[in-house]
1. Would you check which residues across segment 21-38 are part of a helix (DSSP H, G or I) and touching a strand residue (DSSP E or B) at 6+ places or on another chain (Cβ under 8 Å) and list them?
2. Among the residues of segment 1-20 satisfying the criterion of being touching a helix residue (DSSP H, G or I) at 6+ places or on another chain (Cβ under 9 Å) and outside any strand (DSSP E or B), which is surrounded by the most Cβ atoms within 10 Å (Cβ to Cβ)?
3. Cβ contacts < 8 Å: first residue within 22 Å of residue 35 (Cα to Cα), restricted to segment 84-96; second residue at pLDDT below 60 and not in a helix (DSSP H, G or I), any location; separation 6+ or different chain. Result?
4. For residue 29, only one of the following conditions fails: (1) modelled with pLDDT under 95; (2) at negative phi. What is its number?
5. For residue 94, are the conditions met, namely being over 23 Å from residue 3 (Cα atoms), modelled with pLDDT under 95 and touching a helix residue (DSSP H, G or I) at 6+ places or on another chain (Cβ under 6 Å)?
6. Keeping to segment 55-80, report how many residues are part of a helix (DSSP H, G or I) and either surrounded by 11 or more Cβ atoms within 10 Å (Cβ to Cβ) or under 10 Å from the mean Cα position of the chain (by Cα) (or both).
7. Can you name every residue in segment 21-54 that is free of Cβ contacts under 8 Å to residues at least 24 places away in the same chain, more than 18 Å from residue 77 (Cβ to Cβ) and surrounded by 12 or more Cβ atoms within 10 Å (Cβ to Cβ)?
C-alpha cells in the first residue's frame, strides 16, 4: 500500500505560493501543488477560477464562523472533504472531466 504514496511525483507535494485578492486585499497562500490542482478542479466544476473559488470559500467561512484563523489549512481540509465526497458519490454524480494536472497526477499515484 505504501507504494501508492511513496511513488507519488514529488511535484505534487512541492509547495507553491500564490497571491490572491480577497475584497481588495492581497494575501499570499502557500499550498502543495496537489491542493492547487484540486482547488482548480472544484472551481472548474462550479464554473469559477481558483481565485474566485477561494474568495467564495473565504466569504462562506467568515459568514459561518466569523473568522478564518488559518486559510491555507481551511483550503486543504476543503480539498480533502471534496475528494472524500467524490469518492463516496455514485459514479453518475462524479465530475466528468478533470483539469490536466489533476488527471495526470492521479495516473502517477
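The values are calculated or read from the model by the stated rules, or taken from the named source; none is laboratory data. Since we're looking at a predicted model, the values are computed, not measured. For neighbour counting, all protein chains shown are included, and Cβ atoms are generated from backbone atoms with ideal geometry for every residue, glycine included.
1. Hits for segment 21-38 are 33, 36.
2. Among them, the one singled out is 12.
3. Hits for this filter: 86/94; 86/95.
4. So the condition that residue 29 fails would be (1).
5. yes
6. The number of residues fulfilling the criteria is 18.
7. Residues satisfying the conditions are 48, 49, 52.
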